[in-house]
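**Student:** First the structure, then my questions, so here it is.
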Amino acid sequence: MLQKYFIGIDIGGTKIYGGLVTPAGEIIASHKVPTPSKAKPKEILTTTDKVIQTLLKNSLTSPKNLLGIGIAVPGIVDNNGKIVITPNIDLSNTDLKKILEKKYKTKISVGNDVNLGVLGEKWLGAGRKAKNIVGLFPGTGVGGGVIVNGNFITGSHGAAAELGHIMVDEKGPVCTCGNIGCLEAFAGRWAIERDLRAAIKKGGRSILTDLAGKDLKQIKSSTLAKALKAKDPLVTKVMTRAAIALAKACVSLNHIFDPEIFLFGGGVVEACGDLILPVIEKALKKDPFFARLSTPKVVQAKLGDDAVMLGAVAAVRQITELKSLTDTYYPLIKLTPSGKIIIKGKNVRASFFIRADGKIKESKDFIPLKLSDEELEEICKKGPDIFFVVKPRGKQVSITPKGLRFLRKKRILPRILPLSEAIKTYNNCADRKAALFYL
Ligand SMILES: [Zn+2]
């Protein structure tokens with residue numbers, strides 16, 4: 001049977017990112033271009049169209065093999081898929097869905113980028129088992145998305161779940177939206193930068209002036225992470241304040257939605273999650289109302305830059321009439337009676353690992369039997385929940401203390417098993433998984 005694909009496109013303020021994706025969620029090809037600056041809708045459409053054409057061309061796929069195209073935009077989309085407002089790019093009032101339907105004659109869905117990021121994580125990432133998810137994505141601003149009983153809440157305008165603009169302090173700073181004391185005015189990167197600049201202007205000392213330049217024109221999330229690692233007191237103080245604002249919001253959101261998980265993504269959390277997430281966990285645990293119920297899990301997003309694009313695919317996948325929507329992209333591993341390992345019809349001879357995105361990597365270098373954080377970081381790049389290590393015959397495998405710390409921090413459960421048991425357990429495991437085979 002001919003392989004059919006979906007295309008997902010994440011239209012952002014700075015880049016347009018597209019992927020060709022199988023119905024099981026495997027990314028076959030991807031392509032990224034800068035969003036033309038100050039572009040008119042027509043130009044954005046042409047660029048989006050070029051990304052779609054490039055994906056089809058590079059993977060030798062014809063538009064006839066497309067099951068649908070999912071689009072994510074940074075703004076409010078109404079319940080019919082029409083874009084209402086996109087504050088940072090010029091797509092307001094564009095009926096992108098209609099335009100693309102006409103051109104590609106396939107199913108099209110258009111949605112809000114943060115909502116779709118949460119949906120992507122629900123499909124393939126950190127939210128796989130959850131039906132009720134509150135997602136918060138602190139980047140430049142603070143995006144939000146809420147899934148209740150498996151469905152997004154969109155509200156009457158498509159503007160629900162803009163969680164960055166819930167009020168956490170009526171005496172707080174003014175927000176970009178015009179309100180006072182919004183969560184985003186504490187925990188968005190623009191607010192964090194504002195506080196850091198003000199403190200340094202007042203004479204506060206920080207290694208930031210070495211890391212980001214004296215004028216502190218731009219303070220990247222990765223720079224914040226470096227400063228935290230160096231235990232910079234000023235950055236720690238400001239980031240803790242941002243984390244407390246997020247924690248306050250989560251306590252209230254927990255009472256409204258009673259979710260199974262709070263899902264955190266976005267640049268600030270990716271870089272500084274180790275400081276932020278424990279503050280939130282602690283605040284949720286302290287809430288006496290939920291003392292006799294279980295506290296929701298606080299988890300970090302796993303799909304990185306692919307989350308929104310894959311979420312766009314998940315959205316259009318939901319409206320197609322695919323019979324089997326439960327297949328996975330993980331390869332089925334077979335063990336022959338003579339001890340050969342067969343994957344996708346091929347006999348594997350060298351040591352290899354399978355990442356959490358289903359991609360198989362043959363290891364060119366020798367992988368030591370004592371696994372340290374360095375090897376684990378490489379193998380566990382795509383954020384598995386479980387990491388299988390297949391013991392070679394007659395030898396012992398172990399994980400160094402540093403490696404174990406890495407796994408604990410990333411909340412990855414290691415399982416070291418002999419070959420046939422490992423293959424059986426891996427094949428049957430429905431979680432996000434990675435595996436290492438020594439051959
Ligand atoms: Zn606001």
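The values are calculated or read from the model by the stated rules, or taken from the named source; none is laboratory data. The shown structure was predicted, so the numbers you read here are calculated from the model rather than taken from an experiment. FYI the Cβ positions are ideal-geometry reconstructions off the backbone, even for glycines, and counts take in every protein chain you see.
**Student:** Which of (1) in contact (Cβ under 8 Å) with a residue 12 or more places away in the chain; (2) out of contact with any Ser or Thr (no Cβ under 7 Å at 6 or more places or on another chain); (3) over 30 Å from LYS424 (Cβ atoms) does VAL316 not meet, given it meets every other one?
**Tutor:** (2)
**Student:** Let me ask something additional. Considering region 212-235 alone, what residues qualify as being surrounded by 16 or more Cβ atoms within 10 Å (Cβ to Cβ) and within 24 Å of GLY265 (Cα to Cα)?
**Tutor:** Pass one, region 212-235, residues surrounded by 16 or more Cβ atoms within 10 Å (Cβ to Cβ): 212, 216, 219, 221, 223-228, 232, 234-235.
Result: ALA212, ILE219, SER221, THR223, LEU224, ALA225, LYS226, ALA227, LEU228, ASP232, LEU234, VAL235.
**Student:** Within region 146-164, can one find any residue that is in contact (Cβ under 8 Å) with a residue 24 or more places away in the chain and within 24 Å of LYS382 (Cβ to Cβ)?
**Tutor:** Yes, region 146-164 has at least one match.
**Student:** Considering region 390-404 alone, what residues qualify as being touching a helix residue (DSSP H, G or I) at 6+ places or on another chain (Cβ under 8 Å) and surrounded by 17 or more Cβ atoms within 10 Å (Cβ to Cβ)?
**Tutor:** VAL390, LYS391, ILE399, GLY403
**Student:** Within the group VAL114, VAL110, VAL118, VAL84, which residue is part of a strand (DSSP E or B), touching a residue at least 24 places away in the same chain (Cβ under 8 Å) and out of contact with any Lys or Arg (no Cβ under 7 Å at 6 or more places or on another chain)? Give the steps one after another, and end with the answer.
**Tutor:** Details: VAL114 fails: part of a strand (DSSP E or B); VAL110 fails: out of contact with any Lys or Arg (no Cβ under 7 Å at 6 or more places or on another chain); VAL118 fails: part of a strand (DSSP E or B).
Of the residues listed, the single one that is part of a strand (DSSP E or B), touching a residue at least 24 places away in the same chain (Cβ under 8 Å) and out of contact with any Lys or Arg (no Cβ under 7 Å at 6 or more places or on another chain) is VAL84.
**Student:** Among the listed residues GLU321, GLU374, GLU378, GLU421, which satisfies the condition of being surrounded by fewer than 15 Cβ atoms within 10 Å (Cβ to Cβ), acidic (Asp, Glu) and more than 28 Å from the chain's Cα centre (by Cα)?
**Tutor:** Result: GLU421 is the single residue among GLU321, GLU374, GLU378, GLU421 that is surrounded by fewer than 15 Cβ atoms within 10 Å (Cβ to Cβ), acidic (Asp, Glu) and more than 28 Å from the chain's Cα centre (by Cα).
**Student:** Which residue, of ILE276, ILE256, ILE280, is touching a Cys at 6+ places or on another chain (Cβ under 8 Å), in a helix (DSSP H, G or I) and among the aliphatic types (A, V, I, L, M)?
**Tutor:** Values: ILE276 fails: touching a Cys at 6+ places or on another chain (Cβ under 8 Å); ILE256 fails: touching a Cys at 6+ places or on another chain (Cβ under 8 Å).
On inspection, the qualifying residue turns out to be ILE280.
Conditions (1) out of contact with any strand residue (DSSP E or B) (no Cβ under 8 Å at 6 or more places or on another chain); (2) surrounded by fewer than 21 Cβ atoms within 10 Å (Cβ to Cβ); (3) not charged (D, E, K, R), marked per residue:
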{"residue": "PHE6", "(1), (2), (3)": "no, no, yes"}
{"residue": "GLY25", "(1), (2), (3)": "yes, no, yes"}
{"residue": "VAL33", "(1), (2), (3)": "no, yes, yes"}
{"residue": "LEU55", "(1), (2), (3)": "no, no, yes"}
{"residue": "ASN58", "(1), (2), (3)": "no, yes, yes"}
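**Student:** Checking SER222 against (1) under 25 Å from the mean Cα position of the chain (by Cα); (2) within 16 Å of the ligand (Cβ to nearest atom): exactly one of these is not met. Which one?
**Tutor:** Failed condition: (2).
**Student:** Tell me the residue from ASP431, ASP365 that is more than 19 Å from the chain's Cα centre (by Cα), farther than 22 Å from ASP274 by Cα and part of a loop (DSSP other than H, G, I, E, B), please.
**Tutor:** ASP365
**Student:** If you don't mind, there's one more thing I want to ask. Hey, does region 119-136 have a residue that's within 16 Å of the ligand (Cβ to nearest atom) and modelled with pLDDT of 95 or more?
**Tutor:** yes
**Student:** Wholly within region 140-219, which helices (runs of 4 or more DSSP H) include no fewer than the required count, namely at least 2 residues that are within 16 Å of the ligand (Cβ to nearest atom) and among the hydrophobic types (A, V, I, L, M, F, W, C)?
**Tutor:** 184-187, 189-201
**Student:** Considering only region 50-69, state which residues are more than 15 Å from HIS31 (Cα to Cα) and assigned to a strand (DSSP E or B).
**Tutor:** If the condition is that a residue be more than 15 Å from HIS31 (Cα to Cα) and assigned to a strand (DSSP E or B), then LEU66, LEU67, GLY68 are the ones that fit.
**Student:** Output the residues belonging to region 335-358 that are in a loop (DSSP other than H, G, I, E, B) and surrounded by 15 or more Cβ atoms within 10 Å (Cβ to Cβ).
**Tutor:** SER351, ARG355, ALA356, ASP357, GLY358, listed by residue number.
**Student:** Then there's this: Within region 309-321, does at least one residue satisfy the condition of being under 23 Å from LYS409 (Cβ atoms), at pLDDT 95 or above and not basic (Lys, Arg)? Give the steps one after another, and end with the answer.
**Tutor:** Keep residues of region 309-321 that are under 23 Å from LYS409 (Cβ atoms), which gives none.
No, that holds for no residue.
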